[in-house]
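Chemist: Supplied in structure tokens, the structure appears directly below.
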Amino acid sequence: MPNRHFVVIGLGRFGSSIAKTLYSLGNEVLAIDTDEEIVQSMADSVTHAVQADGTDEATLKSLGIRNFDVAVVTIGSDVQSSVMATLIIKELGVKYVITKAQNELHAKILYKIGADRVVFPERDMGVRVAHNLCSSNILDYIELSPDYSIMEITALKEWEGKSLRELSMRSRYGLNVMAIKKNNDINISPNADDIIEAGDTLVVIGGTKEVSMIEKEQMK
């Protein structure tokens with residue numbers, strides 16, 4: 001899967017987390033915020049960081065927003081600003097817009113004006129959202145700490161028909177398979193001879209770097 005172009009508007013803790021993770025996964029990321037200090041601090045963590053008003057249509061046009069695959073609007077507690085930014089971005093032609101909401105009413109408004117997905121920071125960690133955006137194979141992602149993560153991933157085509165022993169997940173990726181889901185059945189203690197089949201879901205745990213490696217490989 002080719003790398004995509006993301007624009008993240010609003011660089012609070014949630015937005016910064018999304019922007020940095022998307023960039024670390026090899027994507028092009030434009031990060032926008034009105035705070036010059038925040039923008040400068042993000043300069044080395046994304047492709048481009050720009051100080052700008054995410055609710056100004058002319059500014060967003062000049063930044064070429066219409067050319068981005070996904071826009072992530074994570075403006076802080078200003079409901080009106082997040083609504084305006086979402087509306088303008090959709091009107092400019094961005095196909096997929098994901099916006100942070102403060103509450104259920106805010107979420108309803110965002111969906112009505114065209115947001116494709118609404119997230120709540122309390123429920124959706126920035127890192128988790130970023131990984132889900134990057135790949136349809138990544139079903140869930142939980143960062144246990146800066147060093148360790150758990151990921152649910154749909155079995156890759158090249159894994160089908162092979163045993164865990166043949167796949168050598170630990171030596172190849174540095175990951176341990178915690179469980180295998182087959183339809184409604186969950187094997188919570190898989191052994192080396194278990195065969196991976198099409199549609200299986202693997203729950204793996206490992207270093208965040210290693211998890212990122214397998215993610216990049218399956219996006220190729």
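The values are calculated or read from the model by the stated rules, or taken from the named source; none is laboratory data. Model, not experiment: these values are computed from the prediction. With ideal geometry, Cβ positions are generated from the backbone for all residues, glycine too; neighbour counts draw on all protein chains shown.
Chemist: Filter the stretch 49-80 for residues that are touching a strand residue (DSSP E or B) at 6+ places or on another chain (Cβ under 6 Å) and more than 20 Å from K95 (Cβ to Cβ); which is surrounded by the most Cβ atoms within 10 Å (Cβ to Cβ)?
Modeler: Step by step, filter the stretch 49-80, then rank; the result is A49.
Chemist: Considering each residue of the stretch 1-19, count those that are closer than 30 Å to K157 by Cβ and in a helix (DSSP H, G or I), and give that number.
Modeler: 1
Chemist: Within the stretch 66-76, does at least one residue satisfy the condition of being more than 21 Å from the chain's Cα centre (by Cα) and either modelled with pLDDT of 95 or more or not in a loop (DSSP other than H, G, I, E, B) (or both)?
Modeler: no
Chemist: Looking only at the stretch 1-24, which residues are within 19 Å of S77 (Cα to Cα) and among the polar types (S, T, N, Q)?
Modeler: Across the stretch 1-24, the qualifying residues are S16, S17.
Chemist: Please find, within the stretch 29-40, the residue that is farthest from M213 (Cα to Cα) out of those that are touching an Asp or Glu at 6+ places or on another chain (Cβ under 9 Å) and surrounded by fewer than 22 Cβ atoms within 10 Å (Cβ to Cβ).
Modeler: Among those that are touching an Asp or Glu at 6+ places or on another chain (Cβ under 9 Å) and surrounded by fewer than 22 Cβ atoms within 10 Å (Cβ to Cβ), it is T34.
Chemist: Being over 13 Å from D116 (Cα atoms) and among the polar types (S, T, N, Q) is the filter here; which residues of the stretch 72-105 pass it?
Modeler: Result: T74, S77, Q80, S81, S82, Q102, N103.
Chemist: Further question: If a residue must be modelled with pLDDT under 90 and of a type outside the set (S, T, N, Q), how many such residues does the stretch 24-33 contain?
Modeler: Number satisfying all stated conditions: 2.
Chemist: Which condition does K61 not pass, out of (1) modelled with pLDDT of 95 or more; (2) not in a helix (DSSP H, G or I), if it passes all the others?
Modeler: (2)
Chemist: Here is a further query. Do the conditions hold for G93, that is, is it of a type outside the set (A, V, I, L, M, F, W, C), assigned to a loop (DSSP other than H, G, I, E, B), touching a residue at least 24 places away in the same chain (Cβ under 8 Å) and in contact with a strand residue (DSSP E or B) (Cβ under 8 Å, 6 or more places away or on another chain)?
Modeler: In short, no.
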